[in-house]
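Below: the structure, in structure tokens.
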Amino acid sequence: MSSKEGATRAGPDRPEPEDNVAARIKLEREARGWSTVTLAEKMAEAGHPINQSAIWRIESGKPRRRVNLDEALGFCKVFGISMPDLSGPPLKISVAARQLIHLFTEKSKEYLAQKDALDQLYQEVREARLALFAYAEDHPEQKDEIEELLRAHETAEGKAWAKRTHPAFSELRKQGKLPPPLS
């Protein structure tokens, strides 16, 4: 590429996707409430180091700094978007709406992670309960003592278990997703 072509590509006649990338980086950064310094730190953590001034030049420079492929991949990783999303025309949506979308997305991910953890814990409680009752069946001479210890446990943990009777849990009980009392 000649130096004249390079100057043209860096100036106002550069390809539209390059302008889209610059605009999208700024929109995504602002939607998260990040400074250019914070974005540079996140890029370094993701294994795609770029300094704060380079980010500013990409977003606002005259002419804007070009983004190389490694940096574009890093921005995709940090923002959690695809390359077509990064290089496509940015949506005409306000920063406030983008912030709310980002908040919703992050909270949804947290919810799903917690739900998976609770489902796993429920399965472990269920397995422990079944093992306990199987043990009591195999050792009938200890059954009374086991039941007494369970009652003591339920008395000590009564408040926590009592929350399971709240109407909000009725649907979970119907679906068998809430463990029954241990005694």
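A few comments on the model shown:
- Search result, residues across the stretch 1-44 that are at pLDDT 95 or above and surrounded by fewer than 11 Cβ atoms within 10 Å (Cβ to Cβ): none
- Those helices (runs of 4 or more DSSP H) lying entirely in the stretch 78-183 with at least 3 residues closer than 26 Å to Val21 by Cα and at pLDDT below 85: 95-138
- Flag for Ala131 being of a type in the set (A, V, I, L, M), open to solvent by less than 70 Å² (accessible area, probe 1.4 Å), out of contact with any Gly (no Cβ under 8 Å at 6 or more places or on another chain) and farther than 22 Å from Leu39 by Cα: yes
- His48, sole failed condition from (1) surrounded by 17 or more Cβ atoms within 10 Å (Cβ to Cβ); (2) modelled with pLDDT of 95 or more; (3) part of a helix (DSSP H, G or I): (3)
- Number of residues in the stretch 60-76 that are over 13 Å from Glu18 (Cα atoms), surrounded by 19 or more Cβ atoms within 10 Å (Cβ to Cβ) and more than 30 Å from the chain's Cα centre (by Cα) equals 0.
The values are calculated or read from the model by the stated rules, or taken from the named source; none is laboratory data. Bear in mind the structure is a predicted one, so any value in this text is a computation, not a measurement. Note that each Cβ is placed from the backbone with ideal geometry, even for glycine, and that neighbours are counted across all protein chains shown. Quick note on the areas: whole protein, heavy atoms, side chains included, nothing else; ligands and nucleic acids left out. Shrake-Rupley method; radii C 1.70, N 1.55, O 1.52, S 1.80 Å.
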